[in-house]
Amino acid sequence: MFQATREQSLGPVEEDDLISGEHSDAPRDLEPGRVQGVMTFAGHLRSHLSLVLQLLCLLLCAVLLVAILAQVSKVPSCHQQVPSKTQEIRRDVMQLKAGLANLCRPCPWDWTFFQGHCYFFSKSQRNWHDSVSACQDVGAQLVIVRSDEEQFFLQLNAKSRGPTWMGLSDLKKEGTWHWVDGSPLMLSFMQYWNPGEPNNHQEEDCGEFKNNGWNDDQCSKDKFWVCKRPTAPCEAA
Ligand code: 2F8
Ligand code: CA
């Protein structure tokens, strides 16, 4: 009877106290948030305040975490920022190769490029046989004329230097002219002999560029010479 009265007047909050037997004789309306033992709205609010604060803290931490993660994802990784030694070396090698490709010339620096071949015009003078050897020593041939354009180019250069040996002779058989590679002089090239040449004046068996055309002269004479060789292909980068 007494219990029923208490339940009706104090409400469900007090029910716990009754069940647990922790009922106190202290006046319940003295506790904060209780008026005559009943939990007020402010009391409810206060009792939930710590929970709300904890939730707010959690929310703040979550926001901070998301913000930090967002910033970290924007920073490039160490591998992206600092190239490794291998990458640096590979990059340097590529740059060197590119530079080499730019420097690559079809002919050595003291040779002249013309229509796919390299030509060396000597600054000193030698006899015809030594001139043949000098060209062989540098992987070339005493020049063989193969076209009208080449003849024009060679004649012009030789004229500015002086009489210049070419790779042509009739040493094997007088009057029958052959190039140093054994090929015969073609009839179409006979036009390049100077007027009256070849005349074999005092045993002349070797061909030279002289003035505006060709002349036969004594092979023992020292003259300039011109070597010819194919261009050297640049190594692939
Ligand atoms: O007139 C052409 C003639 O000129 C010289 O002989 C005088 C040349 N010889 C020398 O230069 C040694 C000839 O080869 C040339 O045919
Ligand atoms: Ca002559």
Unmet requirement for PHE152, which otherwise passes all of (1) within 16 Å of ligand 2 (Cβ to nearest atom); (2) surrounded by fewer than 17 Cβ atoms within 10 Å (Cβ to Cβ): (1)
Give the residues of the stretch 115-130 that are of a type in the set (Ser, Thr, Tyr) and in a strand (DSSP E or B), sorted by residue number. TYR119
For the stretch 210-237, which positions are crowded, with 18+ Cβ neighbours inside 10 Å, more than 46 Å from the chain's Cα centre (by Cα) and either within 22 Å of HIS117 (Cβ to Cβ) or within 11 Å of ligand 1 (Cβ to nearest atom) (or both)? LYS210, TRP214, ASN215, ASP216, ASP217, LYS223
Return the residues of the stretch 148-206 that are in a helix (DSSP H, G or I), in contact (Cβ under 8 Å) with a residue 40 or more places away in the chain and within 49 Å of the chain's Cα centre (by Cα); say none if nothing qualifies. GLN151, LEU154, GLN155, ASN157, ALA158, LYS159, ARG161, PHE189
Report, by residue number, each residue of the stretch 118-169 that is of a type in the set (Ser, Thr, Tyr) and over 21 Å from SER188 (Cβ atoms). TYR119, SER122, SER124, SER131, SER133, SER160, THR164
Evaluation of SER133 against (1) within 16 Å of ligand 2 (Cβ to nearest atom); (2) part of a helix (DSSP H, G or I); (3) of a type in the set (Ser, Thr, Tyr) (one fails), failing number: (1)
The stretch 224-237, subset part of a loop (DSSP other than H, G, I, E, B) and of a type outside the set (A, V, I, L, M, F, W, C), residue farthest from ligand 2 (Cβ to nearest atom): GLU235
Does LYS221 count as more than 13 Å from ligand 2 (Cβ to nearest atom) and either over 29 Å from PRO108 (Cβ atoms) or modelled with pLDDT of 95 or more (or both)? no
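The values are calculated or read from the model by the stated rules, or taken from the named source; none is laboratory data. Here the structure is a predicted model, which means the values were calculated and not measured. All Cβ positions, glycine included, derive from the backbone under ideal geometry; neighbour counts span all protein chains shown.
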